[in-house]
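Worksheet: one structure, shown below.
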Amino acid sequence: MYDAAAGLGWRDVQSILALSARQVGSEVGAGIAGSERFPWAWNHAETWNGGGLHFSNDYGYGLVDAWAAVRLAESWNLTGTAAATTGNQFTNTMDVLNSNVVIPDGNVSGLTFAGTATFDDVVERVTVQMSFSTTFTGDVEVYLTSPDGTVSRLIADTGGGNDYNGTWTFESQAFRGERAAGNWVVRVVDDAGGDTLAVSDIVIRTWGADTTSDRYVFTNEYSDYDGVAGHRTNIADSNGGVDTVNAAAVSSASTIRLDGLNGLIDGVAVAFTNVEHAIAGDGQDKLFGNAGANQLYGRRNNDQMTGAGGNDTLKGGFGNDLLIGNAGKDLLSGAFGNDTFRFLSKADTLLASFDVLEGFDAAGAAVGDLIDLIGIDAKETIVGNQAFVFNSTALGGIKLTNVGNVTRIQGFTNNTAGADFQIDIQDGAVLASQYTAADFLL
């Protein structure tokens, strides 16, 4: 994973391994089988395959999927998110007990102690620090319940007939992805008679990220669970922030639409609203933006990225990609492969809001990237869609010039003075004279 993304923080690595893990053993909700001691259950997150994560005290989040973990690692911070480290970890602290309380002996209900988290951070892990004394640890049970209702068993019937007097910190990973705000409840039980259990201090701490920006992560398990236990197929972000659909760990072709229309991930029809960015996986994917400023990443294979009304960033990655910025001042990057930058109207790249291309490969070569201008009428005053003439400032022409380390393309589509649209290519030492008509679809 670090070979794929050396800048990850340790908390990023934990999240990636959890989100990419696959369910094994008994089915979720089916009880235990074989040598299992704990059943699978869903937590109440809303961002893994449209809903919560599967978790058990036997398997954690499941079997490590190295391929899926690497794909998520590669794409994890593409949209500019900072590495998750100790330095930017956020903590809610709830001191829920500060006096000595004797837990009822032989009572399976026990006593509960509640505290309220006031900050709505994204939970990664939760600790419960408890000071207690018991004459028989095998009767001690401790449970933690989140505001959303997820229950984690921290200890139960462990330690045999030993006694204990001290402070212990329990930790649970079961709540990853849930929001912290609300009431957290610790339940302490002494489930058999004939011994004493007293608790004098309990502190609950949630650890995670203080952000309203959500990552909606999808994997090859989406088709296994869509519509099950709250795993949604219509996802509307409602808490603000700058959000991302990440389908990098999906091997089949995805169509990700941020405009509220149905797309397809892992063979499941799914729609998104109020989400800003999208990252595709290994299939021949199609990404569509919305009216906002979107970042669309094609990653592997031959992908199509289509912006909409905002100032968008489209990055093709590996493969022969098609990039269409549409309206707004867009940044289009082809990267590897023979890519096509398509313009459907001169309004897509006007002088006041022109698009910028980067990663244009093989200028002047017989095979390489292409700039597609077929959708723009070269001569607006003549009926029909006329083709452009290469390297001309006359009506119906396009002219290439050097401006510093940029090759500037200007098009002349009517009889008014000056250019009518512009495209800049950030190509460094490549000269405008190296481009030929073969680099264009005119």
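Computed from the coordinates by the stated procedures, all read-outs in this text should not be read as laboratory data. All values derive from a computational prediction rather than experimental measurement. Because the Cβ atoms are built from the backbone with ideal geometry, glycine has one as well, and the counts that use them run over all protein chains shown.
Compute, for the chain, the length of the dipole vector about the Cα centre, with Cβ point charges of +1 (Lys, Arg) and -1 (Asp, Glu) only. Units Debye, rounded to 20.
Working: 23 positive and 53 negative charges, 201 e Å.
For this selection, approximately 960 debye.
Hey, what do the phi angles of segment 175-182 turn into as Karplus ³J(HN,Hα) couplings, whole Hz, using 6.51/-1.76/1.60 and θ = phi - 60°, x for Gly and Pro?
Values per residue, Gly and Pro as x: 9, 3, x, 6, 8, 7, 4, x Hz.
Which one of 412, 218, 238 is farthest out on the positive end of the charge dipole of segment 215-426, using unit charges on Cβ (Lys, Arg +1; Asp, Glu -1) and the Cα centre as origin?
Checked the options; the winner is 412.
Which three numbers, in whole Å and largest first, are the semi-axes of the equivalent ellipsoid of segment 1-142 derived from its Cα gyration tensor as √(5λ)? The partial results should precede the final answer.
Numbers: eigenvalues 224, 103, 35 Å².
Sorted largest first and rounded, they come to 33, 23, 13 Å.
What is the distance in Å between the Cα centres of segment 334-353 and segment 374-442?
Taking the Cα centre of segment 374-442 as reference, the centre of segment 334-353 is 12 Å away.
Net charge within 15 Å of residue 62 by Cβ-Cβ distance, Lys/Arg positive one each and Asp/Glu negative one each, not counting residue 62 itself?
Around residue 62, the charge tally is -4.
Let me have the relative contact order for segment 150-297, percent, based on Cα pairs under 8 Å that are six or more residues apart.
On the way: 229 pairs, mean separation 25.1, N = 148.
Averaging sequence separation for qualifying contacts and normalising by length gives 17 percent for segment 150-297.
From the square roots a ≥ b ≥ c of the eigenvalues of the alpha-carbon gyration tensor of segment 220-266, which class results: rounded (a/c under 1.5), prolate (a/b over b/c), or oblate?
Values: a/c = 1.69, a/b = 1.26, b/c = 1.34.
In terms of gyration-tensor shape, oblate.
Which values of log₁₀ I(q)/I(0), to two decimal places, follow from the Debye formula for segment 138-216 at q = 0.14, 0.15, 0.24, 0.26 Å⁻¹ with a uniform point scatterer at every Cα?
Treating every Cα as an identical point scatterer, log10 I(q)/I(0) equals -0.56, -0.63, -1.26, -1.41.
Based on DSSP H runs of at least 4 residues, each adding -39500 (n - 2.57), what is the mean residue ellipticity at 222 nm of the chain after dividing by all its residues, to the nearest 500 deg cm²/dmol?
It lands at -1500 deg cm²/dmol.
Just tell me the longest site-free run in the chain, where the sites are chymotrypsin sites (Phe, Trp or Tyr not before Pro) in a DSSP loop having at most 14 other beta-carbon atoms within 10 Å.
Working: sites that count: 2, 119, 336.
Longest site-free region, per DSSP loop and neighbour criteria: 120-335.
Using only C-alpha positions, report the orientation-averaged shadow area of the convex hull of segment 67-175, nm², one decimal. Could you put the intermediate results ahead of the total?
On the way: hull surface 39.8 nm².
The Cα convex hull of segment 67-175, projected and averaged over all directions, gives 10.0 nm².
Give the average over all directions of the projected area of the C-alpha convex hull of segment 10-75, one decimal, in nm². Write down the numbers at each step before the final one.
Values: hull surface 19.2 nm².
Result: a mean projected hull area of 4.8 nm².
Taking neighbour counts of Cβ atoms within 10 Å as a proxy for exposure, in what order, fewest first, do 79, 91, 169 appear?
On the way: 79 20, 91 14, 169 10.
The order, fewest Cβ neighbours first, is 169, 91, 79.
Which value does Rg/Rh take for segment 63-115 over its C-alpha atoms, Rh per Kirkwood? Let's see the in-between values first.
Values: Rg = 21.2 Å, Rh = 16.4 Å.
My calculation puts Rg/Rh at 1.29.
May I ask what percent, to the nearest 5, of DSSP beta bridges between residues of the chain are antiparallel?
Working: 72 of 119 bridges.
Of those bridges, close to 60 percent are antiparallel.
Student exercise: in the chain, how many lysine pairs 8 or more apart or on different chains have Cα atoms under 17 Å apart? Could the numbers behind the result be given before it?
Numbers: 286/315; 315/329; 329/346; 346/379; 346/399; 379/399.
Within the chain, the lysine pair count is 6.
By count of other Cβ within 10 Å, fewest leading, how are 71, 232 ordered? List each step's numbers first, then the result.
Numbers: 71 26, 232 15.
Lowest count first: 232, 71.
Just add up the charged neighbours of residue 141: K/R +1, D/E -1, any other residue whose Cβ is under 11 Å from the Cβ of residue 141. The partial results should precede the final answer.
Details: positive: 153, 187; negative: 139, 157, 190, 191.
Every neighbour counted, the sum reads -2.
With unit charges on the beta carbon (Lys/Arg positive, Asp/Glu negative), name the residue among 117, 87, 192 whose Cα is farthest towards the positive pole of the charge dipole of segment 72-201.
87
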